[in-house]
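The values are calculated or read from the model by the stated rules, or taken from the named source; none is laboratory data. Predicted, not measured: the structure shown is a model, and the values here were computed from it. Cβ: placed from backbone, ideal geometry, glycine included. Neighbour counts: every protein chain shown.
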Amino acid sequence: MIDTLIIDGLSFALPLFIMAIGGIYSERSGITNLALEGLQGFGAFFGALWAVTISYYFDIPIQKLYYLALLLSMVGGMLFSMIHALLCIKFKANQVISGVVINILSMALTTFLTTQINIVAFGELSDKFQIGTSVRFTIPGLSKLPVLGAAFKNLYPFEIVILFIALIAAYVLNKTGFGLRLRACGDNPHSVDAAGVDVYKVQFKAVLISGALSGLAGICYTYSILTHFSPSIYMGYGYLSIAALIFGNWKILPTLGACLIFGFARSGGYVLGQILKMPSTFSDLIMTLPYVLTLLLLIFFSKSNRPPRALGEIYDKGKR
Amino acid sequence: MREKSVGKRKENVLAKFFLKSIGNERWQHITIPIFLIFLSFFAASIIILALGKNPLGAFYNLLQGVGILPKPSYAAYKSMLTDFLSLLNYMTPMVFASLAVSIALKGGLFNIGVSGQMLLAGFIASITVGYSSLSRIVAKPLVLAIGIIAGGILGGLIGFLKYKFNINEVVSSIMFNYIIQYVLSFFIHSYYIDPVSRQSKYIADTARLTLVNVEMFGLKMDISIGFVIAIILAIALKVFFHKSRLGFEIKAVGANPKGAKYAGINVGRTMILTMVLSGVFSGLAGVTYYLGYFASIQPKVLPSVGFDAIAVALLGNTNPYGIIGASFIISIIDRGSTYMSSMAGVRKEIASVITGMILLFTACTAYIQHKIRDNKDKLSYMARKEAEE
């Protein structure tokens, strides 16, 4: 029981975490990013589409395309996040509105394209891309540890990829010059401009990074929870990750904590349902656990939060 | 050299024509949205063309489907008029929902929880009045009242959380959306499910806000009571924002919360009241949707109207009259797409793609206005220079 709780909790929390890191990048640079939900969906769509197409036309077993799909979904998320970057930075649109617009557009576009491509390219009437489940592996020695050993059992390969990328992301954000400039853009863009750095460029990069990381998160959910790509990927995980990063005060390590809480709340709910032998209708109530928890945590922690000072403000060079 | 200047002049003529047609600032709030809609349809035509279908034919079918253009044949008791009336019936919740979004936007808040508020109001009204045997005259106003109260309370709660605990209203309303969706799905599955349709049981006709199958002129039509109320309330809202004190305060807080505070406006109270008012309209959208257009609730599904309403509110420039016009257009796209897909063979999902694109372009309105002003200045400068030469 405790094993499933940890295994499922981790495989849910880590994609959420990488998406939240993307959000942190964007928001620390001063661009509000509610588009994470749409970006993860589009990234997953893009990765799944290419995986299915390549395996269909080149006759390669789809399991072998796992890492390619991960990479392509990052590309897809990045491509779609360009719209957000353009709208917010070049066209000076309201960032909240732009984010929501992208979510709606992404949902409409991927639903339409999935059915359409299925008909045209594969000749079937379906709104899904079957990409199969991911292989899982167990780290030999460590998994024998009592209780905590479960964290090393039945791992998805993407969990390692995510941890690796998260480490790099944390290093870049906190220890490099680029990270420093990025954080400064979110707090005081004019000073960054005075130091001779192009604020727009830094923000543009930050939004693209958030797109890539969200796309990765999206394909991870397709591989783990859904086992196919379909519009049911829009479950609100993007918004959940935004809640996580707000709860984590726009810092990477506390955000990891928040994501783990969400993950364990979710898997804990399922385990609880099994222990108490509840009828399946109760699963709906269990599904609300992460959301209720988010609200409660936000009530307690939002007050002391300190968002980036220039978050959501449209940066105008001429303004002083 | 000469050729080049001719080419340039031609370009100028085009630019002049473009600026003439949408450049007048007095009319920009109408001309720009219309331009954007054309742009979206143009983009959609490209997609439809790429699929090897005829876009003009598809758009013609779109209008046929909603009773604006005549269909080649009609079923018994049906005509263009019945199609058009059902369009109005479909449009009613959208008008309410978009007004809800626009109220929040005016107050500087973003109510993305309209769907959840709709679902809650619709559910409570269904189980209290919808399944009762109250008479027509009592039931219908009671449904409206319940919608208003349920929506208002939930909206107010979101505003309160924002004011008291500094919780971003976007995040909290999305959390409420999911909580409501799942909790109500649990209740519907446990107590109110219709085993055949897999939806909640149908409500009594006496409680419905749409008069269904009214026989008149040899036709059977659906007449929406809610539509009349929506129009009246849209006008009332226009007056409210122009003439009343609270309306002014909401706008002031939306424009500049700090300035409003120094002017002696109670910002927290105004914020909560904005959300209450927005919730009230969401609630009305919910009851006209679940107890008007439909007569039952599909479990675990949030009404997409609540999200489309964001598009409509932006397209209508958060102006009540603009919203009525924008709802009309978006409803045509949504509602006509079924007929279009059956006639032209274009997938129904293209409708939401068109809506999405309209929305995307609308987000750039400020930039377009800016560009127009820029180009206008440039043109007038050039004209002056030419005159000097």
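Sort through A:236, A:215 and tell me the only one that's at positive phi and under 11 Å from the mean Cα position of the chain (by Cα). Write out each step before concluding.
Details: A:215 fails: at positive phi.
The unique qualifying residue is A:236.
From the list A:101, A:75, pick out the single residue that is at negative phi, within 14 Å of another protein chain (Cβ to nearest Cβ) and part of a helix (DSSP H, G or I). Please lay out each step first, then the result.
Values: A:75 fails: within 14 Å of another protein chain (Cβ to nearest Cβ).
Checking each option against the conditions leaves just A:101.
May I ask you to list pairs of residues, at least six apart or on different chains, whose Cβ atoms are under 9 Å apart, with the first in region A:268-285 being within 9 Å of chain B (Cβ to nearest Cβ) and the second being among the basic types (Lys, Arg)?
Between residues of region A:268-285 that are within 9 Å of chain B (Cβ to nearest Cβ) and residues that are among the basic types (Lys, Arg), the close pairs are A:284/B:300.
Of all residues in region A:78-98, which are of a type in the set (A, V, I, L, M), within 14 Å of chain B (Cβ to nearest Cβ) and either surrounded by fewer than 22 Cβ atoms within 10 Å (Cβ to Cβ) or assigned to a helix (DSSP H, G or I) (or both)? Reasoning before the result, please.
In the first step, residues of region A:78-98 are kept if they are of a type in the set (A, V, I, L, M); the result is A:78-79, A:82-83, A:85-87, A:89, A:93, A:96-97.
Right, trim to within 14 Å of chain B (Cβ to nearest Cβ) and you get A:82-83, A:85-87, A:89, A:93, A:96-97.
Once the filter is applied, which keeps residues that are of a type in the set (A, V, I, L, M), within 14 Å of chain B (Cβ to nearest Cβ) and either surrounded by fewer than 22 Cβ atoms within 10 Å (Cβ to Cβ) or assigned to a helix (DSSP H, G or I) (or both), region A:78-98 yields A:82, A:83, A:85, A:86, A:87, A:89, A:96, A:97.
Identify, from the list B:300, B:376, B:385, the residue that is in contact (Cβ under 8 Å) with a residue 60 or more places away in the chain and more than 13 Å from chain A (Cβ to nearest Cβ). Walk me through it before giving the result.
Numbers: B:300 fails: more than 13 Å from chain A (Cβ to nearest Cβ); B:385 fails: in contact (Cβ under 8 Å) with a residue 60 or more places away in the chain.
Selected residue: B:376, the only one of B:300, B:376, B:385 that is in contact (Cβ under 8 Å) with a residue 60 or more places away in the chain and more than 13 Å from chain A (Cβ to nearest Cβ).
Helices (runs of 4 or more DSSP H) wholly in region B:195-306 with at least 1 residues that are over 26 Å from residue B:156 (Cβ atoms) - which ones? Full working, then the answer.
Details: elements: B:225-243, B:245-255, B:257-262, B:267-288.
Helices (runs of 4 or more DSSP H) meeting the threshold: B:225-243.
Check B:276, B:287 and return the single one that is away from every other protein chain (no Cβ under 14 Å), surrounded by 24 or more Cβ atoms within 10 Å (Cβ to Cβ) and touching a helix residue (DSSP H, G or I) at 6+ places or on another chain (Cβ under 7 Å).
Values: B:276 fails: surrounded by 24 or more Cβ atoms within 10 Å (Cβ to Cβ).
That would be B:287, the only listed residue that is away from every other protein chain (no Cβ under 14 Å), surrounded by 24 or more Cβ atoms within 10 Å (Cβ to Cβ) and touching a helix residue (DSSP H, G or I) at 6+ places or on another chain (Cβ under 7 Å).
List, please: which pairs have Cβ atoms under 6 Å, are six or more places apart or on different chains, and start with a residue in region B:182-196 that is more than 7 Å from chain A (Cβ to nearest Cβ) and end with one that is among the basic types (Lys, Arg)?
B:192/B:201; B:194/B:201
For region A:209-222, check the following and say yes or no: at least one residue is outside any helix (DSSP H, G or I) and not small (Gly, Ala, Ser).
The initial filter retains those residues of region A:209-222 that are outside any helix (DSSP H, G or I), namely none.
The answer is no, given that none of the residues of region A:209-222 is outside any helix (DSSP H, G or I) and not small (Gly, Ala, Ser).
Any residue that is more than 27 Å from residue A:271 (Cα to Cα) and surrounded by fewer than 24 Cβ atoms within 10 Å (Cβ to Cβ) - is there at least one of those in region A:42-50? Walk me through it before giving the result.
Here is the first cut: in region A:42-50, the ones more than 27 Å from residue A:271 (Cα to Cα) are A:42-50.
Remaining after also requiring surrounded by fewer than 24 Cβ atoms within 10 Å (Cβ to Cβ): A:49-50.
Yes - at least one qualifying residue is present in region A:42-50.
Residues of region A:123-173 being at pLDDT 80 or above, of a type in the set (Phe, Trp, Tyr) and part of a helix (DSSP H, G or I), which ones?
Listed by number, the residues that qualify are A:158, A:164, A:171.
Only one of these conditions is not met by residue A:70: (1) in contact with a Leu (Cβ under 9 Å, 6 or more places away or on another chain); (2) within 14 Å of chain B (Cβ to nearest Cβ); (3) in a helix (DSSP H, G or I). Which number is it?
The failed condition is (2).
Out of (1) outside any helix (DSSP H, G or I); (2) modelled with pLDDT of 90 or more; (3) hydroxyl-bearing (Ser, Thr, Tyr), the odd one out for residue B:115 is which?
Looking at each condition in turn, residue B:115 falls short on (1).
Among the residues of region A:104-132, write down those that are at the interface with chain B (Cβ under 10 Å from one of its Cβ atoms) and either among the hydrophobic types (A, V, I, L, M, F, W, C) or farther than 22 Å from residue A:228 by Cβ (or both). Can you show your working first?
Applying the first criterion (at the interface with chain B (Cβ under 10 Å from one of its Cβ atoms)) to region A:104-132 yields A:104-116, A:119-120, A:127.
Result: A:104, A:105, A:107, A:108, A:109, A:112, A:113, A:119, A:120.
Hey, residue B:359 hits all of (1) of a type outside the set (Asp, Glu); (2) free of Cβ contacts under 8 Å to residues at least 12 places away in the same chain; (3) in a helix (DSSP H, G or I); (4) within 11 Å of chain A (Cβ to nearest Cβ) but one; which does it fall short on?
That leaves (2) as the condition not met.
Whether any residue in region A:243-259 is over 30 Å from residue A:175 (Cα atoms), crowded, with 19+ Cβ neighbours inside 10 Å and either within 10 Å of chain B (Cβ to nearest Cβ) or not polar (S, T, N, Q) (or both) is what I want to check. Spell out how you get there, then give the answer.
Initial filter on region A:243-259 (over 30 Å from residue A:175 (Cα atoms)): none.
Within region A:243-259, none of the residues are over 30 Å from residue A:175 (Cα atoms), crowded, with 19+ Cβ neighbours inside 10 Å and either within 10 Å of chain B (Cβ to nearest Cβ) or not polar (S, T, N, Q) (or both).
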